[in-house]
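The values are calculated or read from the model by the stated rules, or taken from the named source; none is laboratory data. Quick caveat, the model's predicted, so the values are computed rather than measured. Glycine also receives a Cβ, built like all others from the backbone with ideal geometry; neighbour counts cover every protein chain displayed.
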Amino acid sequence: MHKEIQIKRYLPEEHAEPFWQTFRVPYDETTSVLGALNYIKEELDSTVSFRWSCRMAICGSCGYMVNGIPKLGCKDFVRNYPAALRIEPLAHFTVERDLMVAMDEFLQHLEAVKPYLIAEPSEPHKPHRQTPAQLAKYKQFANCINCGLCYAACPQFGLNPEFVGPGAIALAHRYNLDSRDQGKAKRMPVLNTHDGVWSCTFVGFCSDVCPKGVDPAAAVNQGKVESAKSMLIQMFRGGA
Amino acid sequence: MSQRWQGLHLEPLWWGLFSAGGVCFAVFVPAAALVFGVLAPLGVIELNYLKLHVWYGSWWGLMFTGTVICLPAFHAAHRIRHGLHDLKVGGGCWSILICYGIAAIVSVSALWVWFNA
C-alpha cells in the first residue's frame, strides 16, 4: 500500500514562504506517522527536518499537526487516514524549519510556575513519605511529557502567547497538590494574573489532544478555584 | 498600592457569577421553561394567577428571580464577553461594561419588579 503524504515545508534560507510538498510513501498497518516521516527522510528527501526521539510517547518530541489536529507522530498511524494526510508544524509556535518549532514560549511559561518540589526537608537523608491517597491527588497531572500539543490546541494561547497555558498550569497544579510541596505561595502569583488561569475560556480541546490523558483543562479550572481562594485570602490578610 | 490589593482583579468575581449562573442554567431554567412554556400551555398543570402572584411576592419569588433571571444573565454575559474576545471584537473595558452592564440592568429590573410585586 502507498500513501500520498503532504508536508508543509519551510526553508527560510531558500523560500520566504512555506510551501507544500507531496511524497509517496509505502505503509502497512503498523506504520506510524513518524515512521512515514523517517522513510521520507531516509529514502526520498534528506532535507526534511523534524524532531523525534523515543518512538514510544515518552519524550514528547514528535508533536505535529496531522490533518489540522495536534498529534504525536509516534502515537498516530497512517492507517487512521484513509483519505488525505497532511502534516504541518505545531500551531501557535514559531516555526524554525519544516516541522520543527521553537518551544521557547512554552518553556518560559513552564519555568515561571516553578514545576518542581519546593520543600524544606525536616530530616535530611530521610525520604518524603506519601500515602497512596496523597499520590492519587496529583498523579494524573504528573503524566505530562511537555510535548506542547495542548498549546497547539489552545485557541487562547493562539490569541495571546502570554497566556501561561494548559501544560504549565497542569504542572503547577501537580506540584500544588503534592503533599510534600510547600511552594504553592510562590506559584499562585503567576496563576492569579490575567495571563494565568484566568485566560482560559474552558474550550477543553487541550484535554482532547493530550496523548497522556493528563486533562489539563481540569487542572486549569481547578486552578481557578484555587486562584479565587488565594486572591480572597490576600485581600483579607493583606498579603499573599 | 498596598500589598493587599497588588495583582488583584475582578475576573474571579465574573467567573464566580458565571459558574453559579451555569448551575442555574442547567437546573432551574429548564424546569421553569418546562412548567411555564410546556406543561401550563398544554393544560397538564393548572396555574392560578392570583396564587402565583402571592407565591412570587414571597421569598420563593426572590429565589426564582435570582436563579432564573439574575445569575443566568451574568452567565450569558460572561460567555458572550469571552465569545467576543475569541472573535477579536470589543477588547478591553468596552465588552466588560456592555456585557455585565446589560446583565446588571436585567438583574436590577427583575429585582425591582419583585420588590414592587
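With respect to A:R237, is the statement that it is facing chain B (nearest Cβ under 9 Å) and of a type in the set (D, E, K, R) true? Answer is yes for this residue.
The residues of the range A:166-217 that are small (G, A, S) and within 22 Å of B:D86 (Cα to Cα), listed by number, are A:G167, A:A168, A:G196, A:S199, A:G204, A:S207, A:A217.
Each row is one residue, and each column tells you yes or no for (1) under 28 Å from A:E226 (Cα atoms); (2) away from chain A (no Cβ under 14 Å).
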| site | (1), (2) |
| --- | --- |
| B:H9 | yes, no |
| B:W15 | yes, no |
| B:G22 | yes, no |
| B:F25 | yes, yes |
| B:P30 | no, yes |
| B:F64 | no, yes |
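What is the residue count in the range B:67-117 for residues that are outside any helix (DSSP H, G or I) and either within 12 Å of chain A (Cβ to nearest Cβ) or more than 30 Å from B:G57 (Cβ to Cβ) (or both)? Counting residues in the range B:67-117 that are outside any helix (DSSP H, G or I) and either within 12 Å of chain A (Cβ to nearest Cβ) or more than 30 Å from B:G57 (Cβ to Cβ) (or both) gives 6. Screening the candidates A:V190, A:V225 for the property of being over 24 Å from A:L149 (Cβ atoms) and either among the β-branched types (V, I, T) or within 14 Å of chain B (Cβ to nearest Cβ) (or both) yields one hit, A:V225.
Exactly one residue out of A:Q140, A:Q134, A:Q156 is within 22 Å of A:M65 (Cα to Cα), surrounded by 14 or more Cβ atoms within 10 Å (Cβ to Cβ) and among the polar types (S, T, N, Q), and it is A:Q156. Inspection of the range A:206-218 identifies no residue that is at the interface with chain B (Cβ under 9 Å from one of its Cβ atoms), under 25 Å from A:D104 (Cβ atoms) and in contact with a helix residue (DSSP H, G or I) (Cβ under 8 Å, 6 or more places away or on another chain).
Considering only the range A:49-79, how many residues are more than 14 Å from the chain's Cα centre (by Cα) and closer than 23 Å to A:V214 by Cα? The total comes to 13. If you filter the range A:18-46 down to residues that are under 26 Å from the mean Cα position of the chain (by Cα) and without any contact (Cβ under 8 Å) to a residue 40 or more places away in the chain, you find that the one that is farthest from A:G60 (Cα to Cα) is A:F19.
Within the range A:168-187, residues that are buried (at least 18 other Cβ atoms within 10 Å of the Cβ) reach partners that are of a type in the set (K, R) and outside any helix (DSSP H, G or I) with beta carbons closer than 7 Å, at six or more positions or on different chains, in the pairs A:G183/A:K114; A:R187/A:K114.
Being in contact with a Gly (Cβ under 6 Å, 6 or more places away or on another chain), away from chain B (no Cβ under 14 Å) and over 19 Å from B:H9 (Cα atoms) is a property that A:G148 has. Looking at this structure, is A:H109 assigned by TED's automatic domain parsing to the domain that holds A:P161, crowded, with 17+ Cβ neighbours inside 10 Å and either modelled with pLDDT of 95 or more or in contact with a Lys or Arg (Cβ under 9 Å, 6 or more places away or on another chain) (or both)? Criteria met by A:H109. With the structure loaded, tell me whether A:E123 is surrounded by fewer than 23 Cβ atoms within 10 Å (Cβ to Cβ), out of contact with any Ser or Thr (no Cβ under 9 Å at 6 or more places or on another chain) and without any contact (Cβ under 8 Å) to a residue 24 or more places away in the chain or whether it fails that test. The answer is yes for A:E123. Within the range B:35-50, restricting attention to residues that are part of a helix (DSSP H, G or I) and among the aliphatic types (A, V, I, L, M), which residue is farthest from B:F64 (Cα to Cα)? Once the filter is applied, the top-ranked residue is B:L42. Would you check which residues across the range B:77-113 are crowded, with 18+ Cβ neighbours inside 10 Å, under 18 Å from B:F28 (Cβ atoms) and not polar (S, T, N, Q) and list them? Correct list: B:A77, B:H78, B:A103, B:A110.
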